[in-house]
Amino acid sequence: LFDVPLCEPSAAMGFAGNRIWRQSEERSDDSTAVALADPAVRLLVVTPGRLCLKFDGAAFDPWFSPAGAIGLKAELDAAILLGRDTRGPVLAVPSAIDPETLPQEIKAIDFRSINMQGLLESEPLGALAQGAALLAWSQNHRFCSRCGSPTELRAGGYKRLCVQCGAEHFPRTDPVAIMLTVTRDRCLLGRGRHFAPGMFSALAGFVEPGETIEDAVRRETLEESGIRLGRVQYFASQPWPFPYSLMIGCFGEALNEDNHADLSELEACRWFERDEVRAGLEKRHPDGIFMPPKGAIAHHLIRTWVDAEQP
């Protein structure tokens, strides 16, 4: 432990820079109202799949006052307290405003583009991951899974309480294993049907109930490619607000190389030599093949393997 670098690989991932003190043990049912009354409060205004950003021609600013948020049709009664940073309380608030009706100086940009294009610094980008995930969870749990009655926000948005049976519902995170299967000289990459033309990436899949991360890596790799894995090594994790996942990045040791891709899930899946992967990362592959951008954990898995040349 004491020989491990102080800055872990996860810190370099997009959406991983959140520095908000979440106040997990200090939330009351009126904590959102108290935060909104604080003169230093700042809000993220989130429309379905997008964040509202002020643009001054040079940089993007994601923060709004309560009055500014109301001007964008934000629902303050559905706001969720993310916590506090060095400047004061921070909340995320939903809005149903049509992006086409926004003022000229305000843009509603999808989360993925904000991350991949580096439109925000790491700390507000991390706050976006927290806020977007919590708002999605809250929207998807408006009714009790036990009795079907309406639920209400409590604890600053970190709990929903059933008004009928009293069941308490708490935010969830869906774990997803994303893995780079490797030999000493090659790695296995696949193409999803929704990928941009030419892009290949690491394989991925949800961790199932009663399953370790390592076994999920082995199962998903076998199901999607027919490749059996031996050793599995954890690499890093990345918050992924689509809608509320945690990407768990691993390397897997291939025990066989006869690839039998499941083309019902993938469009393509094949082995790549190290020099070919490097060309894809640098966007100079002769066939136009490229890898995910730096905002994705898949990029860091692939880059780490490429740079760790074997003697």
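The values are calculated or read from the model by the stated rules, or taken from the named source; none is laboratory data. This structure is a prediction, so every number in the text was calculated from the model and none was measured. Heads up, the Cβs are rebuilt from the backbone with ideal geometry, glycines too, and the neighbour counts pull from every protein chain shown. Accessible surface is based on the protein model in full, side chains and every heavy atom, while ligands, DNA and RNA are left aside. Shrake-Rupley method; radii C 1.70, N 1.55, O 1.52, S 1.80 Å.
These residues, VAL41, VAL34, go from largest to smallest accessible area, 1.4 Å probe, as VAL34, VAL41.
Quick one: 3J(HN,Hα) in Hz for segment 30-40, Karplus 6.51/-1.76/1.60 with θ = phi - 60°, rounded, Gly and Pro as x. My calculation for segment 30-40 gives 9, 5, 5, 4, 4, 5, 5, 7, 6, x, 8 Hz in order. Taking each residue as 0.36 nm, the span from ASP61 to CYS147 lengthens on full extension beyond its C-alpha to C-alpha distance by 26.8 nm.
Of all DSSP-defined beta bridges confined to segment 134-268, some 75% are antiparallel rather than parallel.
Once the 1.4 Å probe is applied to the protein heavy atoms, segment 155-311 comes out at 48 Å² accessible per residue. Rounded to the nearest Hz, the phi-derived 3J(HN,Hα) couplings of segment 173-186 under the Karplus curve 6.51 cos²θ - 1.76 cosθ + 1.60 (θ = phi - 60°) are 10, 8, x, 10, 8, 10, 9, 10, 7, 9, 10, 5, 10, 9, where x marks glycine and proline.
Per residue, the convex hull spanned by the Cα atoms of segment 20-160 amounts to 115 cubic angstrom. Once you reduce segment 121-199 and segment 54-103 to the center of their Cα atoms, the two points are 21 Å from each other.
Basic side chains Lys and Arg get +1 at the Cβ, acidic Asp and Glu get -1 at the Cβ, and with that the dipole of the chain about its Cα centre reaches some 440 debye.
Exposure check, 1.4 Å probe, all protein chains in place: LYS294 carries approximately 150 Å² of accessible surface.
When the Cα centres of segment 200-230 and segment 238-286 are compared, how far apart do they sit, in Å? Comparing the Cα centres of segment 200-230 and segment 238-286, I get a distance of 12 Å. The peptide list 147-160, 65-78, put in order of mean Cβ contacts within 10 Å with the highest first, becomes 147-160, 65-78. Using the Cβ-Cβ distance between GLU211 and GLU123 with R0 set to 35 Å, the FRET efficiency works out to roughly 0.60.
Carbon and sulfur atoms: what percent of the 1.4 Å accessible area of the chain do they account for? Don't jump to the answer; show the numbers that get you there.
Numbers: 8200 of 15830 Å².
With neighbouring chains kept in place, the figure for the chain is 52 percent.
When the charge dipole of segment 113-186 is built from unit charges on Cβ atoms (+1 for Lys and Arg, -1 for Asp and Glu) and taken about the Cα centre, the candidate among CYS162, ILE178, GLN139 whose Cα reaches farthest toward its positive end is CYS162. Indicate, rounded to the nearest 5 percent, the antiparallel portion of the DSSP beta bridges found entirely in segment 43-99. Percent antiparallel among DSSP bridges in segment 43-99 is about 75. What lysines sit close enough to LYS107 to cross-link, taking a C-alpha to C-alpha distance under 25 Å and skipping anything fewer than 8 places away on the same chain? Straight-distance partners of LYS107: LYS54, LYS73, LYS294. Show log10 I(q)/I(0) for segment 148-240 at q = 0.16, 0.19, 0.25 Å⁻¹, two decimals, from a solvent-free Debye sum over equal Cα scatterers. Reported log10 I(q)/I(0), two decimals: -0.76, -0.90, -1.32. Of the DSSP beta bridges with both residues in the chain, give the percent that are antiparallel, rounding to the nearest 5. Percentage antiparallel, nearest 5: 75. Using a/c under 1.5 as the rounded threshold, could you call segment 196-311 rounded, prolate or oblate? The axes a ≥ b ≥ c are square roots of the C-alpha gyration tensor eigenvalues, and prolate needs a/b larger than b/c, oblate otherwise. Verdict is rounded for segment 196-311.
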